[in-house]
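The values are calculated or read from the model by the stated rules, or taken from the named source; none is laboratory data. All figures in this text were calculated on a predicted structure; none of them were measured in a lab. Backbone-built Cβ (ideal geometry, glycine too); neighbour counts: all protein chains shown. With ligands, DNA and RNA removed, areas are computed over all heavy atoms of the protein, side chains included. Shrake-Rupley method; radii C 1.70, N 1.55, O 1.52, S 1.80 Å.
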Amino acid sequence: EAFRGMGRVYVERYTRQFYDAMTARSRSVKFETPDERAERIAKADKELEKAAWVLSMQLLGAPGKKLIGKRVVFIPDEILHYIPFGALTIPGTDQYLATQCEITLLPSIGTLAAIRQNTDGRAPAAKT
């Protein structure tokens with residue numbers, strides 16, 4: 001519901017920024033000097049912090065501390081599959097979601113429909 005409540009372009013922008021910043025250290029740039037690499041990674045770290053905060057606020061919203069100790073269910077769609085949800089912080093705290101909550105990912109209705117359509121008429125697996 002949170003995804004629908006905000007603009008798709010907005011979510012995509014911050015998801016891409018979050019993903020790019022998360023993977024900055026593992027990327028190599030041809031002919032990049034050590035100083036340029038350090039500068040690029042420092043910039044990515046700042047972008048990561050901002051993007052993570054924005055996504056945490058938009059996807060987790062106001063409940064904040066009420067999420068601690070709870071199961072949080074995500075049904076990612078499209079670009080949201082790129083978010084490691086456990087790396088988001090709980091709004092109003094400096095705690096990562098993965099350290100304070102049980103995180104569950106479920107497939108979307110569209111994905112379930114496609115799975116069912118592909119398995120219709122298939123014989124059940126043999127019992128072992």
Could you pull out the chymotrypsin sites (Phe, Trp or Tyr not before Pro) across segment 1-110 that fall in loop regions by DSSP (anything but H, G, I, E, B) with no more than 16 other Cβ atoms inside 10 Å?
F31
Quote the relative contact order of segment 71-121 in percent (integer), defining contacts as alpha-carbon pairs under 8 Å separated by 6+ residues.
43
Averaged per residue, the 1.4 Å probe accessible area of segment 83-128, protein heavy atoms only, in Å², is roughly 74
On C-alpha positions alone, give me the angle between the axis of helix 8-22 and the longest principal axis of the chain, in degrees, nearest 10.
60
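Using R₀ = 41 Å, calculate the FRET efficiency as 1/(1 + (r/R₀)^6) where r is the Cβ-Cβ separation of N118 and R8; round to 0.05.
E between N118 and R8, to the nearest 0.05, is 0.90.
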Binning every alpha carbon pair distance of segment 51-108 at 10 Å from zero, what are the percents per bin?
25, 61, 14
Mean separation of Cα pairs under 8 Å and 6+ residues apart, divided by the residue count of segment 19-128: what relative contact order is that in percent?
24
So what does log10 I(q)/I(0) come out to for the chain at q = 0.13, 0.14, 0.20 Å⁻¹, using the Debye formula with one equal point on every Cα and no solvent?
-0.67, -0.74, -1.13
Net charge near T15 (other residues with Cβ under 14 Å of its Cβ; Lys, Arg +1; Asp, Glu -1) is -1
For T119, T99, the accessible-area ranking with a 1.4 Å probe, largest leading, is T99, T119
For a Förster distance of 22 Å, can you work out the FRET efficiency between the beta-carbons of I68 and L106, rounded to the nearest 0.05?
0.55
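Set the Förster distance to 25 Å, then compute FRET efficiency between K46 and A98 from the Cβ-Cβ distance, nearest 0.05.
0.70
Take the Cα radius of gyration of segment 21-81 and divide it by 2.2 N^0.38 Å, with N its residue count; two decimals is plenty.
Segment 21-81 yields a ratio of 1.53.
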